[in-house]
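In what follows, a structure is listed as structure tokens, so that the remarks can point back to it.
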Amino acid sequence: MRLHLFESGSSQDNPNSHSKTIQAEVLNGCGVSGVADTFTDSLRANGIDVVNMGNYRSFDINNTIVIDRSGKTENAKYVAKLLGLNGNQVVRQINKNYFLDVSVIIGKDYNNYFKN
């Protein structure tokens, strides 16, 4: 699996020019029960169509990331902005077998984004 860091400031990707409908999945990569529900609720409240929610393949992810799956990096940057993430947490991993725009992998730093 190869992840490509997206360099912020690129002129071709404007975080304000995202698609009208963004389909996303939210995956728990930290192992804390209920954290994917919290992220999903927040994204849905902001108009993101969360089409899948579940566990990531491991629970040892330290930092939350947003993965661009479709090549429309502006969508991934918009989702990251909604969650309070910075541009360094957006990566590009195009996968034409995924029928969604963005994957959110929740890391152990989730408390930086949502406080109880």
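Annotations for the structure displayed:
- Distant-in-sequence amide H partners of MET53 (H built 1.01 Å from N, under 5 Å): VAL26
- The coefficient of translational diffusion for segment 24-116, derived via Stokes-Einstein from the alpha carbon Kirkwood radius under 25 °C and 0.890 mPa s, stands at 191 µm²/s.
- Relative exposure of PHE39, PHE99, PHE59, judged by other C-beta atoms within 10 Å (fewest first): PHE99, PHE59, PHE39
- SER33, SER70 arranged by Cβ crowding within 10 Å, fewest neighbours leading: SER33, SER70
- In segment 41-115, the trypsin sites (Lys or Arg not before Pro) that fall in loop regions by DSSP, at most 16 other Cβ within 10 Å: ARG57, LYS96, LYS115
- Contact order for segment 28-116, expressed relative to its length and based on alpha carbon pairs under 8 Å spaced 6+ residues apart, stands at 37 percent.
- Candidate lysines for bridging to LYS20, where Cα separation is under 16 Å - those fewer than 8 sequence places away on the same chain excluded: LYS72, LYS77, LYS81
Every number here is computed from the coordinates shown, using simple stated rules; none is lab data. Everything numeric in this text was worked out from a predicted model, so none of it was measured. Cβ sites come from the backbone with ideal geometry, for glycine too, and all protein chains shown count toward neighbours.
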